[in-house]
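Structure first, commentary second.
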Amino acid sequence: PNQGPPPQQYPPQQYPPQQYPPQQYHPQQPSPQGYQPLPPQASYGNPQSMQGAPVTYIAPGMPMQTMQLPLIMGLPYPENPMQALERLQDAWVAQKLNWKEIVAPCLVQNKYKIYGAKSKKEGKLKPDKNDKLFKCQEHSTCCCRLMFFPDCREFTMDVDFKQPVYNPSTGKLKSNWLPFLHLKRDFTCTIGCFFRPVMEVTCVYNGMHEKIGYVENPWGCLNNTFHIHHRSQAEPIFTVKGSIFQCGLYCRCPCELCKEVKFHIGDPKTKAEHVGQITKTWAGCLKDILNTDNFGVTFPQVSNWEIKALLLACTVFMDYLYFEEKPDKGHNQQLSLIHI
């Protein structure tokens, strides 16, 4: 039978199907023609790592090959906010501690930080402080914060992405915060099932101004419910539900029953009721006095960054509706039972 020439007699630039030319994948060389990079699967921009992030290439008729992206000025190649969300499986949303809430709550606009999250041994999440990704800043008037209940009051919120930038004068990375998302919640006179709250989410990254969806808070009898709508779809792509019979909604004690409030993410298409989870966790005695909340988010098995952004927006919206104690301390928790 015809077995062809032995491997050592292959013409130049031609190789057996199961072998790669070592020099063709040198980190300092550009990818060969016809090789398409897949979306990165690693965290970029971590100043503590002095290695490039891995990226996968595919050649026709050959298996996948992973290589290291080249370093820029000796530092890791940075990712954009879309890539950051796509790689996340878990996230941590932490409300920023503000001492002004003790003296004058109406002067304080909410701020949040969003990190990647790690899983503990018992399955609970904790923030990865080395993976700080976003910061959120509320914009609203003092009059609105003082006079209206969280079910009704309007606000906007800017979400900025932490983009590492090399500073040649210091030889280090510095944080450059770039606009990424804009959240808008209009005033509604919410009474029972009438005029339910809605939050719109718009991507403003790199000059864009594109609505990626909205989060709706419909009326419910036994559950605090949110509907996640992707783009302008009328039917929700995910639902978020939490039972009203959870002690943490009405009591902020550090006991086991009150430490957590769980909201399950469901998929209406497959009728699955638990494909992900948002958990409000006890933040500690000092932060609890200042009504500062932390949330762990376990995303469904989706890679679409827009859906993950909508779920993070839902988490912030949830904090306003069910865990904010202004203007009347405890008012919103007491009324959440009847959804007014």
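The values are calculated or read from the model by the stated rules, or taken from the named source; none is laboratory data. Note that the structure is a prediction, hence the values are computed from the model and not measured. Every residue, glycine as well, gets a Cβ built from its backbone with ideal geometry; the counts of neighbours run over all protein chains shown. In case anyone asks, the SASA skips ligands and DNA or RNA and just uses the protein heavy atoms, side chains included. Shrake-Rupley method; radii C 1.70, N 1.55, O 1.52, S 1.80 Å.
Just a few scattered comments:
- Residue pairs whose Cβ atoms lie under 9 Å apart, sitting 6 or more positions apart in sequence or on different chains, and linking a residue in the range 304-320 that is farther than 14 Å from Asn217 by Cβ to a partner that is acidic (Asp, Glu), are Asn304/Glu86; Trp305/Glu86; Lys308/Glu86.
- Filter pass, Thr225 being assigned to a strand (DSSP E or B), polar (S, T, N, Q) and out of contact with any His (no Cβ under 6 Å at 6 or more places or on another chain): yes
- Criterion: among the polar types (S, T, N, Q), in contact (Cβ under 8 Å) with a residue 12 or more places away in the chain and over 19 Å from Gly123 (Cβ atoms) - qualifying residue of Thr292, Thr298, Thr270: Thr292
- Criterion violated by Asp151 - all others in (1) at pLDDT 95 or above; (2) surrounded by 15 or more Cβ atoms within 10 Å (Cβ to Cβ) satisfied: (1)
- The residues of the range 162-220 that are hydroxyl-bearing (Ser, Thr, Tyr), out of contact with any strand residue (DSSP E or B) (no Cβ under 9 Å at 6 or more places or on another chain) and within 24 Å of Gly242 (Cβ to Cβ) amount to a single one, Thr190.
- When the range 199-210 is filtered for residues that are within 18 Å of Phe155 (Cα to Cα) and either part of a loop (DSSP other than H, G, I, E, B) or touching a residue at least 40 places away in the same chain (Cβ under 8 Å) (or both), the ones remaining, listed by number, are Met199, Val201, Cys203, Val204.
- Criterion: part of a loop (DSSP other than H, G, I, E, B) and either open to solvent by less than 40 Å² (accessible area, probe 1.4 Å) or at pLDDT 95 or above (or both) - qualifying residue of Gly220, Gly213: Gly220
- Test: residue in the range 237-257 that is under 28 Å from Thr202 (Cα atoms), modelled with pLDDT of 95 or more, part of a loop (DSSP other than H, G, I, E, B) and open to solvent by 10 Å² or more (accessible area, probe 1.4 Å): yes
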